[in-house]
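A.B. asks: After the C-alpha cells below, expect a handful of questions from me.
Rule-based calculations on the coordinates, nothing more; no lab input. Every value quoted in this text rests on a predicted model; they were computed, and no experiment measured them. Virtual Cβ from ideal backbone geometry, glycine too; neighbours counted across all protein chains shown.
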Amino acid sequence: MVEPTPDEVRSYIAAGLACERLEVEGDGRHFFATIVSSAFEGLTRVRRHQRVYAVLGDRMREQIHALSMKTLTPAEDVPAAPSASDSTTRPGVRPSHH
C-alpha cells in the first residue's frame with residue numbers, strides 16, 4: 001500500500017471537517033496536524049481527536065500509522081505573546097539618563 005503524503009492527509013481531514021486552519025507535516029507513516037475548527041467548540045481534547053479520527057475512518061487503520069494532533073478552536077488559535085527576550089532593550093545596555 002502506498003503511504004499517504006502530508007497533502008493527502010490534509011485533504012482527507014478537510015473533506016470531512018470545516019477548518020479555519022489546517023497544517024499537516026509527516027513522513028508518510030507518522031504525521032503531526034494542527035487543526036483549527038469551529039466544530040471543536042465545547043468539546044474536550046479527547047472528543048476533538050475522536051472527531052478527527054471519525055473523519056479519517058479506515059485510513060487510520062490502513063494508511064496512517066500515527067497521527068499526533070493539536071486541535072484548537074479559532075479563539076484558542078492566538079499567536080504566543082512576546083516573551084521578555086523579545087523586548088527592544090538589549091542586555092548590558094543601560095538607558096541613558098540626561
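A.B. asks: Non-local amide H neighbours of residue 28 (under 5 Å, H modeled in plane, Pro and chain starts lacking H): which ones?
C.D. replies: Correct list: empty.
A.B. asks: Label residue 18 and residue 32 with points 7 Å out from Cα along Cα→Cβ: what is the distance between them in nm?
C.D. replies: Roughly 2.9 nm, to one decimal.
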